[in-house]
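Asker: First the structure, then my questions, so here it is.
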Amino acid sequence: MSFSDDILMAYADGELDQATRLALEAAMRRDAVLARRVAQYQARRRMAAPRRAATVVQLADVRATRAATQQAARKARKLRWSWMEWGALAGVLVLGLAAGRYLLGDWQADQQSPASLAWRDGALVAQGRLALALDQAPGGTAGVYGGGVRIAASFVATDGGYCRSFTASGGAQDMAGLACRSGGVWKLPVWQQVARPAGGARPAGVDVPAAVQAVVEQRSAGQLLDAAAEQDAMRRGWVR
């Protein structure tokens, strides 16, 4: 079955009927050229109609703010903590646990798989279905790993490692982010949760938000990897 440019544009805009959309996504998994054509239309759509700004978390900024706050607190407090200080610390710990549940709660894979995101040594790390897609899914295609994980693009970063931008659908929200290979795992220097349109309708695909795309362009050392370069990187376990 062939797909016209009009159909591909309608898919990028989220306007295809379910039957045609499913047929196209099945064809994309078999045909890397078709998948890249769709990715190009999706990229043009993002440039023509940028998404509403949303909250973006960059871990480097979080760490810098936390370090400055801790340094100021150390200068201000006495050697012996009062019961009020212990109470404040307990409140911070509760807040941290709640934030962790909020972050990871929507990103559970099926019952046989672990969560797709986890904190490890101060970094947000991909695991489960997300890590599998980052390891094995070709760029510009809908992954077959569950949860609607899609790899948007792959490139070599300025530090010499590999990075891949992606989108993934969760419970009430979708997510987009950038994952970079380091120490045998995929670390997420930036991610963004994307709310779905009013009424709960899920679009055909989640776009990479402009804020995440800006980080991609900042970190990229050159052109995006083509299909052959991606396959070579996969064979070598994304190690350069």
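The values are calculated or read from the model by the stated rules, or taken from the named source; none is laboratory data. Just so we're clear, the structure is a prediction, and the values are computed from it rather than from any experiment. Neighbour counts are summed over all protein chains in view; Cβ atoms, including those assigned to glycine, are modelled from backbone coordinates with ideal geometry.
Asker: Here is a check on your reading of the model: is Pro189 under 11 Å from the mean Cα position of the chain (by Cα), modelled with pLDDT of 80 or more and either surrounded by 15 or more Cβ atoms within 10 Å (Cβ to Cβ) or outside any strand (DSSP E or B) (or both)?
Answerer: Criteria met by Pro189.
Asker: Report, ordered by the first and then the second residue, all pairs with beta carbons closer than 8 Å, sequence separation of six or more or different chains, a first member in region 54-72 that is surrounded by 11 or more Cβ atoms within 10 Å (Cβ to Cβ), and a second member that is modelled with pLDDT of 70 or more and polar (S, T, N, Q).
Answerer: As it stands, the answer is Ala54/Gln192; Ala54/Gln193; Val56/Gln192; Val57/Gln192, since those pairs meet every condition given.
Asker: Please enumerate the residues belonging to region 126-150 that are of a type in the set (A, V, I, L, M), at pLDDT below 90 and either outside the structural domain of Cys180 (by TED's automatic domain parsing) or part of a strand (DSSP E or B) (or both).
Answerer: Ala142
Asker: Go over the candidates Thr55, Thr69 one by one and state the one that is modelled with pLDDT under 80, under 19 Å from the mean Cα position of the chain (by Cα) and either over 17 Å from Ser4 (Cα atoms) or in a helix (DSSP H, G or I) (or both).
Answerer: Only one candidate qualifies: Thr55.
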